[in-house]
Amino acid sequence: MAVAATHNNAEPRVVLSARGLTKQFGAFAAVKNVDLDVHHARVHALIGPNGAGKTTVFNLLTKFLQPTAGTITLMGTDITKTPPDKVARMGLVRSFQISAVFPHLSVLDNVRVALQRPNGLSTQFWLPTSALNRLTARADELIEAVGLKRERNSLAADLSYGRKRVLEIATTLALDPQVLLLDEPMAGMGQEDIGTVSSIIREVAKTRAVLMVEHNLSVVADICHHVTVLQRGEILAEGDYATVSQDERVRLAYMGAEEA
């Protein structure tokens, strides 16, 4: 399948970079000497078979894990030893494989809660609930942008799994990230939701960088500008989807069953 994502002639700036990224767990090297560049206004996919080290790379980049060796820079600043909460405030925000929303709050209130930090309300616990009203207009913009307008007042617990993942993207966008990391955003979704989330990611990537771990190769081919393939913690191949999908090593390691 050809890549549907569009490309500009000028190479966009690198906003997230890793050099020599390595993570040892005792004698086991989960990630070995990985170099990675994520560009502004691009969707970058990290793919590979189970156990390839994709989630470990995510955890290293977002500082949930500390690398054994190597360096990580975010918009030119070395964040190798920066704690994860500060990294998030610097604009590097991730989602997780398991949906993380407040089930007993409405869609609107989930987004308004997420908006508290960038609007300076996250530590002002003495303020009345009505203080959230100032965030409603922006919350409604995000809700409409991800196609949840009809579910605005529904409890998150009442949403389908796919719609919960869409809500999670809205709450992640509420933090106004410069770099958005999505961990298997299409996992467990039906085809209709996959199309919706693909469109959202494509739109989001017009103004920020997106790095995603994804097993759905049709999605990768459709929306990703660049693909990095991992195997046993090392980079096996990289390039656009058309290039890596024709690499015999990649086909044998990961894509063979998909292409059969």
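When the criteria are applied in full, V210 fails the requirement of being crowded, with 17+ Cβ neighbours inside 10 Å, touching a strand residue (DSSP E or B) at 6+ places or on another chain (Cβ under 9 Å), without any contact (Cβ under 8 Å) to a residue 40 or more places away in the chain and on the phi < 0 side of the Ramachandran plot.
Just one residue in the set T73, T55, T22, T80 is of a type in the set (V, I, T) and modelled with pLDDT under 95; that residue is T55. Here region 58-84 is the region considered, the condition is being of a type in the set (S, T, Y) and in a loop (DSSP other than H, G, I, E, B), and the residue that is farthest from the chain's Cα centre (by Cα) is T68. I'd like the residue in region 148-181 that is among the hydrophobic types (A, V, I, L, M, F, W, C) and assigned to a helix (DSSP H, G or I) and, out of all such residues, is surrounded by the most Cβ atoms within 10 Å (Cβ to Cβ). Filtering first and then ranking leaves L167.
Only one of these conditions is not met by H44: (1) under 21 Å from F28 (Cβ atoms); (2) surrounded by 16 or more Cβ atoms within 10 Å (Cβ to Cβ). Which number is it? The single condition H44 does not satisfy is (1). On inspection, V87 qualifies as crowded, with 21+ Cβ neighbours inside 10 Å, under 30 Å from R19 (Cβ atoms), at pLDDT 90 or above and within 20 Å of the chain's Cα centre (by Cα).
Search region 194-207 for residues that are farther than 27 Å from E11 by Cβ and pair each with any residue that is surrounded by fewer than 17 Cβ atoms within 10 Å (Cβ to Cβ) when their beta-carbon atoms are under 6 Å apart and the residues are at least 6 apart or on different chains. Close Cβ pairs (under 6 Å, with a partner that is surrounded by fewer than 17 Cβ atoms within 10 Å (Cβ to Cβ)) amount to T196/G147. For region 24-41, the candidate set comprises residues that are hydrophobic (A, V, I, L, M, F, W, C) and under 29 Å from R89 (Cβ atoms); within that set, the residue that is surrounded by the most Cβ atoms within 10 Å (Cβ to Cβ) is V31.
The values are calculated or read from the model by the stated rules, or taken from the named source; none is laboratory data. On a predicted model such as this, the values are computed, not experimentally measured, just so you know. For neighbour counting, all protein chains shown are included, and Cβ atoms are generated from backbone atoms with ideal geometry for every residue, glycine included.
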